[in-house]
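Student: One structure follows; several queries about it will come next.
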Amino acid sequence: MSQTNAMELVEKLYGTKRREGLEKYSVQHPRDVVDYCFLHLQKDNIRIIRLLNVAILHDVVEDYAQEGYTVERVQSLVGLGPKEARLLDLIARKEDPEYAYLRDLFAIEDGVIVKLADRIANLKDLQKWVDKEQGFTERALHLFEKYRYETVAMLDLVILHYGEQMQDPDHPISRQVELLQEVFKDLEARYKEEKSKN
């Protein structure tokens, strides 16, 4: 079987699908996640490649497992190493209770970096959607309500386990938490304003 690179696989699967509520192509989302991983702050090239591949592929197993794109198949197609495959498996949502999923993922620093990057990208897209609609649509409101619980749980886990990284302004997690809190605070204020109208 000939190998493909991670972005080629994502482009093949997502094609011209759009991000919900936006005129933006879905293939842009993994690129955003890569940007919010702050890979330029990493010094270990092997780790950079691992984070890059998982950031690009993070939704593939979740969105396409029913079509045969399991962790094992993606690992084979892209040529992922064992650490990459394990991280990809951890980041794909399971049927377990939400907190168990986050707890397992946040036990690994690379998992934290990819998940925080994904959450920043999702919330920034939601911000754009709310801006475009000049308020929350019913669907956008539902999404933010889901994100609210998860984001608070994620920040709690980071504070609990990654205090040292948060104190280092040159660590990706420190940059990510600052950015995530900023975007979340803005959406939370808009959400409360929306709810006060009803």
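Student: How large is the Kirkwood hydrodynamic radius of the stretch 57-162, in angstrom, based on all distinct alpha carbon pairs?
Tutor: Across the stretch 57-162, the inverse of the average 1/r is 15.1 Å.
Student: Multiplying the sequence separation of residue 67 and residue 159 by 0.36 nm and subtracting their Cα-Cα distance, what value in nm do you get?
Tutor: Using 0.36 nm per residue and subtracting the Cα-Cα distance, I get 29.4 nm.
Student: Still on this structure, I have one more. Here is the link list: 43/124; 17/128; 12/83. Which ones come out longer than 21 Å on Cα distance? Before the final figure, lay out the partial values.
Tutor: Numbers: 43/124 27 Å; 17/128 17 Å; 12/83 24 Å.
Going by Cα-Cα distance, 43/124; 12/83 fall outside the 21 Å limit.
Student: Between residue 137 and residue 181, what length comes free when the chain is fully extended (0.36 nm per residue of separation minus the Cα-Cα distance, one decimal in nm)?
Tutor: Residue separation times 0.36 nm, minus the Cα-Cα distance, leaves 13.6 nm.
Student: If you take the Cα Rg of the stretch 1-105 and divide it by 2.2 N^0.38 Å, with N the number of residues, what do you get?
Tutor: 1.08
Student: Would you please name the GluC sites (Glu not before Pro) within the stretch 108-198 that are DSSP coil residues with at most 12 other C-beta atoms within 10 Å of their C-beta?
Tutor: Nothing satisfies the criteria.
Student: Would you mind calculating the gained length between residue 189 and residue 40 on full extension (0.36 nm times residue separation, minus the Cα-Cα distance), in nm to one decimal?
Tutor: Numbers: separation 149, 0.36 × 149 = 53.64 nm, distance 3.18 nm.
That works out to 50.5 nm of additional length.
Student: Moving on. Compute the whole-percent fraction of alpha carbon pairs in the chain spaced more than 31 Å apart.
Tutor: For the chain, the fraction of Cα-Cα distances above 31 Å is 18 percent.
Student: Pull out a ≥ b ≥ c, the square roots of the eigenvalues of the alpha-carbon gyration tensor of the stretch 25-74, then state rounded if a/c is under 1.5, prolate if not and a/b is larger than b/c, and oblate in the remaining case. Don't skip to the end; give the middle numbers.
Tutor: Values: a/c = 4.31, a/b = 1.65, b/c = 2.61.
The shape class here is oblate.
Student: In the stretch 6-197, with Lys and Arg counted as +1 and Asp and Glu as -1 at Cβ, which of these residues, 173, 107, 54, has the Cα nearest the positive end of the dipole, that is, farthest along it?
Tutor: Selected residue: 54.
Student: Continuing with this model, one more query. Dipole size in debye (nearest 20) for the chain around its Cα centre, Lys and Arg Cβ +1, Asp and Glu Cβ -1?
Tutor: 300
Student: With each run of n ≥ 4 DSSP H residues scored as -39500 (n - 2.57), what mean residue ellipticity at 222 nm is computed for the chain after dividing by its residue count and rounding to the nearest 500 deg cm²/dmol? Please report the intermediate quantities before stating the final value.
Tutor: Working: 11 runs with 141 residues, N = 198.
It comes out at -22500 deg cm²/dmol, rounded to the nearest 500.
Student: Could you state the angle between the C-alpha long axis of helix 138-161 and the longest principal axis of the C-alpha atoms of the chain, as a value from 0 to 90 degrees rounded to the nearest 10?
Tutor: 70
A short reminder: the numbers here are calculations on the coordinates, not readings from a lab. As the structure is a prediction and not an experimental result, all values here were calculated from the model. When we count neighbours, we look across all protein chains shown, and the Cβ atoms used for this are built from the backbone with ideal geometry, even at glycine.
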